[in-house]
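Since the structure comes first, as structure tokens, the remarks are kept for the end.
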Amino acid sequence: MTDDLKYMKRAISLAKRGAGWVNPNPMVGAVLVKDGKIVGEGFHDFFGGNHAEVNALQGVSSQDASGSTLYVTLEPCSHHGKTPPCANLIAEKKISRVVISMEDPNPVVNGQGSAFLKSAGIMVETGLLEPEARQMNEVFIKFIGTKQPFVLLKTAMTLDGKIATVTNASRWITGEPSRKLVHLLRQQLSAVMVGVNTVIFDDPLLNIRMKGEWKNPLKVIADTFGRISLTAKVLTNDPQLTIVATTGHADPRKLKQIERMGAQVMICPLKDNRVDLGFVMQSLGSMGIDSVMIEGGSTLAFSALQERVVDKVVSFIAPKILGGAGAPTAVGGTGIEKMEDAINLANLRVRKVGDDLMVEGWII
């Protein structure tokens, strides 16, 4: 059992290397072990590429694989998709035992891969480190089950809850390590979303600015009345990655200009005199967008929480105090009247990131 844990932890570690590159597929890692030695390992490294099992078994002959154990974080597929079924390959390689973290929630797999392996005489064990595997693929699990994106609300605030000074100065609330981690989150999720006030006041790029090779996210701007400036950086830099989510209250001539610049316009229904965020998420899901990080501002944050589209909250808290009754807070809007109606989080985790605290929790 100790060795099983060791090899599955290695498979999970490998799987995480695909973060941000495999969406909307799951992250998967695989390790092949024979006679107490790793003879092959791999992970799903990009969407449309080989599955983890295929990469782990490349260059390993049937003779070398015979009698081995394969550790894989997700149930091997048994259907033809963008690649051939992995379960068939495992049987062909004469692997004698397969240890799986979790069954695949994809309805076209969901137990069928394991059933095929068992029918081929292979010993199958499921559930080792399943909680870790499920958390790693929380985005995939929600998206494959609902066809709607997993939504993470990210906030960055001072110790007294402010996201800017009384004059709206906001750079920088948190330290460089926290800001670097936010860029990493942008890589791992498919889209970032902000309200139009954030664009007007901060004019962010909403891209990834780190060394190395990165995949910039889709940028979604919630703009009920079409107030975005045509000179905004999200429209003049990679406009093809920008969606302006607006309503029939926006000037159609301006929306045509936005489209001519290369951005997309999404006309949404109104809800409480704002863009209907439920409609936005459903539309993004139909486009294959499996995950969204809401980054600002406070009105959008409250609307998203109020409409129950948020799955998880990540908050960076800087050891600073700004004060000011008029200074903006991380969550604004009309607020909640009764304490018993407060939005609660569960499974809280707290860690230091540089001088800041990072708190993450899941909406109950």
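For ASP202, the conditions (1) modelled with pLDDT of 95 or more; (2) of a type in the set (Asp, Glu); (3) open to solvent by 30 Å² or more (accessible area, probe 1.4 Å) all hold with the exception of (1).
Would you check which residues across the stretch 164-206 are touching a residue at least 40 places away in the same chain (Cβ under 8 Å), among the hydroxyl-bearing types (Ser, Thr, Tyr) and either closer than 26 Å to VAL275 by Cα or not in a helix (DSSP H, G or I) (or both) and list them? If the condition is that a residue be touching a residue at least 40 places away in the same chain (Cβ under 8 Å), among the hydroxyl-bearing types (Ser, Thr, Tyr) and either closer than 26 Å to VAL275 by Cα or not in a helix (DSSP H, G or I) (or both), then THR165, THR174, SER190, THR198 are the ones that fit. Screening VAL72 with (1) β-branched (Val, Ile, Thr); (2) closer than 30 Å to LEU185 by Cβ; (3) not in a strand (DSSP E or B) gives one miss only, at (3). Pairs are defined by a Cβ separation below 6 Å, a sequence spacing of at least 6 or placement on different chains, a first member in the stretch 97-111 that is among the basic types (Lys, Arg), and a second member that is at pLDDT 90 or above and open to solvent by 40 Å² or more (accessible area, probe 1.4 Å); the pairs so defined are ARG97/MET123. Of the residues making up the stretch 176-193, those that are of a type outside the set (Gly, Ala, Ser), surrounded by 17 or more Cβ atoms within 10 Å (Cβ to Cβ) and within 16 Å of the chain's Cα centre (by Cα) number 9. Within the stretch 143-163, the set of residues being more than 11 Å from MET293 (Cβ to Cβ) and part of a loop (DSSP other than H, G, I, E, B) comprises LYS147, GLN148, LEU159, ASP160, GLY161, ILE163. Taken as a whole, the stretch 14-30 holds at least one residue that is over 21 Å from the mean Cα position of the chain (by Cα) and open to solvent by less than 10 Å² (accessible area, probe 1.4 Å). Inspection of the stretch 74-81 finds no residue satisfying the criterion of being among the small types (Gly, Ala, Ser), surrounded by fewer than 16 Cβ atoms within 10 Å (Cβ to Cβ) and modelled with pLDDT of 95 or more.
For the stretch 1-51, a residue qualifies if it is assigned to a strand (DSSP E or B) and in contact with a Cys (Cβ under 6 Å, 6 or more places away or on another chain), but none of them does. Scanning the stretch 159-175 turns up at least one residue that is modelled with pLDDT of 95 or more, open to solvent by 20 Å² or more (accessible area, probe 1.4 Å) and small (Gly, Ala, Ser). VAL310 passes every criterion in (1) within 26 Å of GLY361 (Cβ to Cβ); (2) open to solvent by 20 Å² or more (accessible area, probe 1.4 Å); (3) assigned to a loop (DSSP other than H, G, I, E, B) apart from (2). If the condition is being surrounded by 10 or more Cβ atoms within 10 Å (Cβ to Cβ) and of a type in the set (Gly, Ala, Ser), then the stretch 333-364 contributes GLY333, GLY354, GLY361. Condition check for LYS94 on (1) assigned to a helix (DSSP H, G or I); (2) closer than 21 Å to ALA115 by Cα: one failure, at (1).
Among the criteria (1) under 16 Å from the mean Cα position of the chain (by Cα); (2) on the phi < 0 side of the Ramachandran plot; (3) open to solvent by less than 60 Å² (accessible area, probe 1.4 Å), the one GLN135 does not fulfil is (3).
For the stretch 207-288, the helices (runs of 4 or more DSSP H) that sit wholly inside it and include 2 or more residues that are open to solvent by 50 Å² or more (accessible area, probe 1.4 Å) and basic (Lys, Arg) are 252-260.
For CYS86, are the conditions met, namely being under 30 Å from ASP35 (Cβ atoms) and either touching a His at 6+ places or on another chain (Cβ under 6 Å) or aromatic (Phe, Trp, Tyr) (or both)?
In short, yes.
Summed over the stretch 112-142, the residues that are without any contact (Cβ under 8 Å) to a residue 40 or more places away in the chain, part of a loop (DSSP other than H, G, I, E, B) and touching a helix residue (DSSP H, G or I) at 6+ places or on another chain (Cβ under 7 Å) give a count of 2.
The values are calculated or read from the model by the stated rules, or taken from the named source; none is laboratory data. Since the model is a prediction, treat every value here as computed from it, not as a measurement. Neighbour counts run over all protein chains shown; Cβ positions are idealised from the backbone, glycine included. When the accessible area is computed, the model is the full protein with side chains, heavy atoms only, and any ligands, DNA or RNA have been set aside. Shrake-Rupley method; radii C 1.70, N 1.55, O 1.52, S 1.80 Å.
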